[in-house]
Amino acid sequence: MEGAFNNSMPLPFSYTFTFTPGTSSADVGSDTSPWMDTRIWSKLPLTLIDRVIAFLPPPAFFRARCVCKRWYGLLFSNNFLELYIQISPRRHWFLFFKHKTLKSYIHRNNSSTIDSGGKATTTNICEGYLFDPNDIAWYRLSFALVPSGFSPAAVSGGLICWVSDEAGAKSIILCNPLIGYLSQLPPTLRPRLFPSIGLRVGPSSIDVAVAGDDLISPYAVKNLSTENFHIDAGGFYSLWGTTTSLPRLCSLESGQMVCVDDIFYCMNYNPFSVLAYEIAANSWCKIEAPMRRFLRSPRLVESRGKLLLVAAVEKSKLNVPKSLRLWCLQPCGTTWIEIERMPQQLYLQFAELEVGHGFDCVGHGEFIAIIIRGSVKVLLFDILRKIWQWIPPCSCIDGFGDDDEELHGFAYEPTITTPVTGLLDQLTIPFQSFTG
């Protein structure tokens, strides 16, 4: 496989999709397929060729666009995009960003450009690191179109939600990096600091929930309210007009929420519990966490349509070995069932690397990625095959190792089309300019 994807034709947008060699379990660079007679290949019907191309993973698809003008134009063909939506397989990949601190300072590479006066200027380009858990391969994504001062907060349906870092009314951008799509939502009505963000992108609707960290003064925040943005193909939309109060004395974590069956979930602290926000009913409820007095670093993940809780368990007074466990929330919505434990020998190795710093988790499909804070160490668990393995490091993440740096992961399904974004284009909201 080529070291980078270089286009032979100019693109209407700017993006980078780079493969990082040496990180795949298979030799992806070798061509083991038998030679095909060009006379046979040239006679294949175009509809059949389109179906083959629709099954390609995004990196291979963008390389294939260099073959000819027709393949290059498939990205703009409505017939092909409809076919792509129908038959393209879902890819349970992960997207990682590098944080400088816990809540902000997403990693940006400095690149020098030459201005009209011949002087070198420095621009910040945000980078993401895309991981394919099936092929154990890393790719680098460039977010050159995203303005400074924004951080990724949630991902759904191939769209990435970016939220402004500055305290105040939050500006939100939805982005599909594969096709260079950017759309700005109207700012939230209430000023906030670092709220929790929930994003749900369906076939015909988009929901964004912003909760907590209400600024009650320039120097104080309190978890008071939730704002909801909604738009659907039926013509109904609510531009942050739907609001509700959070449960009393809640202490929800800042960051992304987990969406399962049209319900947003997030962790609540002191004591540990799970907060659930039902989108349709616009209401919150609290769910008791299992073994809440003995949990450490509890994290919620979505896996195959179910809500899972991943946490370290420490019950030293009861003479129970420390472990990392997974629970699944049952359909009744109140009961948890333990479904898996990390092997004890692996947990000892994991605890030695973690040294009490804590960890984050993200789930997608049958995979769960466990990220050790303050490092690039990521442990991958395959729920179906019951396999635990350390992910090989990405060679693109250089200069990493400071105590205040860490990886932040999202469940990302790469797709070359997101037709639901046409609803946002109808809002005709002018894109604002931001300076960072």
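The values are calculated or read from the model by the stated rules, or taken from the named source; none is laboratory data. Only a predicted model underlies this, so the values are computations on that prediction, with no experimental measurement involved. Don't worry about glycine lacking a Cβ; one is built from the backbone with ideal geometry, like all the others, and counts go over all protein chains shown. When the accessible area is computed, the model is the full protein with side chains, heavy atoms only, and any ligands, DNA or RNA have been set aside. Shrake-Rupley method; radii C 1.70, N 1.55, O 1.52, S 1.80 Å.
Quick notes on this one:
- Peptides ranked, highest mean first, by Cβ atoms within 10 Å: ranges 224-234, 359-369: 359-369, 224-234
- Take 288-295, 159-166, 41-48 and order them by the average number of nearby Cβ atoms within 10 Å per residue, most first; the result is 159-166, 288-295, 41-48.
- Counted residue by residue at 0.36 nm each, then reduced by the alpha carbon distance between them, the extension gain from LEU48 to ALA60 reaches 2.6 nm.
- Selected from ILE85, LEU48, CYS68, residue furthest toward positive end of dipole (region 43-87; charges at beta carbon): CYS68
- Expressed as a whole percent, the accessible surface of region 200-303 that belongs to carbon and sulfur atoms is 51, based on a 1.4 Å probe.
- Scaled radius of gyration (Cα, divided by 2.2 N^0.38 Å) that region 134-288 gives: 1.05
- Pairwise centroid distance, computed over Cα atoms, of region 264-337 with region 367-400, Å: 22
- Taking only the Cα atoms of region 288-419, the ratio Rg/Rh comes out at 0.98, with Rh defined as the Kirkwood radius.
- Net length gained if the chain between GLN330 and ASP262 were fully extended (0.36 nm per residue, minus Cα distance): 22.9 nm
- The alpha-carbon atoms of region 43-87 define a convex hull whose volume equals 70 cubic angstrom per residue.
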